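These notes are about the structure you will find just below.
The values are calculated or read from the model by the stated rules, or taken from the named source; none is laboratory data. Here the structure is a predicted model, which means the values were calculated and not measured. Here the Cβ positions follow ideal geometry from the backbone for every residue, glycine too, while neighbour counts run over all protein chains shown. Side chains are part of the model used for accessible areas, which takes the heavy atoms of the whole protein and leaves out ligands, DNA and RNA. Shrake-Rupley method; radii C 1.70, N 1.55, O 1.52, S 1.80 Å.
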Amino acid sequence: MSTAREEILGRLRAATADVSTPVGHRGEVPVIQEEGESEQATVELFVENVADYRAEVVRCGPDEVAAAVADALRRRGSRSVVVPSGLDASWVAGLAEDGVELRPDSALTADQLDEVAAVVTACRVGIATTGTIVLDHADDQGRRALSLVPDHHVCVVGVDQVVHDVPQSLGRLDATRPMTWISGPSATSDIELDRVEGVHGPRNLDVIVVG
């Protein structure tokens, strides 16, 4: 064993000398919420963690989705919206009367999609412990480009779609489908940790939690 390796391992042993829990044991991991707790607690954890990613989160009832969508678009100044073919029409009802241009996704080119300010989609599942939303690009979510090109994404999540953690989410996902996992607005950092948003996806994310 080289001297450098011995030195590194020695430092690791010294740093963990007072740790009695084996690495990877559950006791090492801070558990925010146990599985099996109430749906309300799971949804509240989801809302809290999504908001931590600088996304705007609004909770509403099933009959308030259209108003919540309109408010999200108005707040961001989004005046044009692409709509997936299978989206619930009631969610975007009244937007045209409000002066918002609705663009059905009829194979819009990349250039045409880049001219649209926002997209409204549903989702497949929300994950509470990570604040992640998963799209599997069914008809109510549209093709992958719809949720990546426009600068503003409004995503509607039902409380019955929210699960506690990633392992639970896998039981609701079809591994043969394309997926997009979203944890807040698109963001990255350079070597000096300067945060830049909107580089590889929407700069603004609004999440409407229904139920």
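Only residues that are over 21 Å from the mean Cα position of the chain (by Cα) and open to solvent by 40 Å² or more (accessible area, probe 1.4 Å): list them for region 78-93, please. Steps first, answer last, please.
Within region 78-93, the subset over 21 Å from the mean Cα position of the chain (by Cα) is 79-80, 89-90, 93.
Those that are over 21 Å from the mean Cα position of the chain (by Cα) and open to solvent by 40 Å² or more (accessible area, probe 1.4 Å): ARG79, ALA89, SER90, ALA93.
Where strands (runs of 3 or more DSSP E) fall wholly inside region 55-165, the ranges with 3 or more residues that are without any contact (Cβ under 8 Å) to a residue 24 or more places away in the chain are 101-104. For GLY131, the criteria (1) in contact with a strand residue (DSSP E or B) (Cβ under 8 Å, 6 or more places away or on another chain); (2) open to solvent by less than 10 Å² (accessible area, probe 1.4 Å); (3) closer than 21 Å to ASN204 by Cβ hold in every case but one, which is (1).
Within region 102-116, is even one residue more than 19 Å from the chain's Cα centre (by Cα), within 27 Å of VAL159 (Cβ to Cβ), open to solvent by 20 Å² or more (accessible area, probe 1.4 Å) and of a type in the set (Gly, Ala, Ser)? No, that holds for no residue. Among the residues of region 144-182, just one is polar (S, T, N, Q) and either exposed (fewer than 13 other Cβ atoms within 10 Å of the Cβ) or modelled with pLDDT under 90 (or both), namely THR176.
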